[in-house]
């Protein structure tokens, strides 16, 4: 039996926008000046670098939201015609948390292990990814 998955492109777009907003705050006023990010003091990216980074981030957020939308749907018993659903937020939380712990954390640990990234940077990036995924998961679960 296959799950019945209905995607909401509005929810996907909203979750991408939320991820961008959280990232702007996270890597701007909250942690933008953290020395752990690995940039020399006073270094500012060029306009071309900002545009390239933003476009790549947009693509990544779109892919993550699209896949996470499927994850949220698969957690729902009703997608499998197997019973009543619980609160939407539970499915958004579960899909986001298990995506984070199973995929994001291992990738970030590789950065510490093989790329000499600091544990502080691991914490900053890991916490951002968790907060971003939770926001995306909640939007995808509640708007679908």
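Checked against (1) modelled with pLDDT under 90; (2) out of contact with any helix residue (DSSP H, G or I) (no Cβ under 9 Å at 6 or more places or on another chain); (3) surrounded by 11 or more Cβ atoms within 10 Å (Cβ to Cβ), residue 63 passes all but condition (1). Quick one: in region 101-131, of everything that is under 20 Å from residue 74 (Cα atoms) and touching a helix residue (DSSP H, G or I) at 6+ places or on another chain (Cβ under 7 Å), which residue is surrounded by the fewest Cβ atoms within 10 Å (Cβ to Cβ)? This residue is 130.
The values are calculated or read from the model by the stated rules, or taken from the named source; none is laboratory data. Please read these numbers as outputs of a predicted model, since none were measured by experiment. Methodologically, a virtual Cβ is constructed for each residue, glycine included, from the backbone with ideal geometry; neighbour enumeration extends over all protein chains shown.
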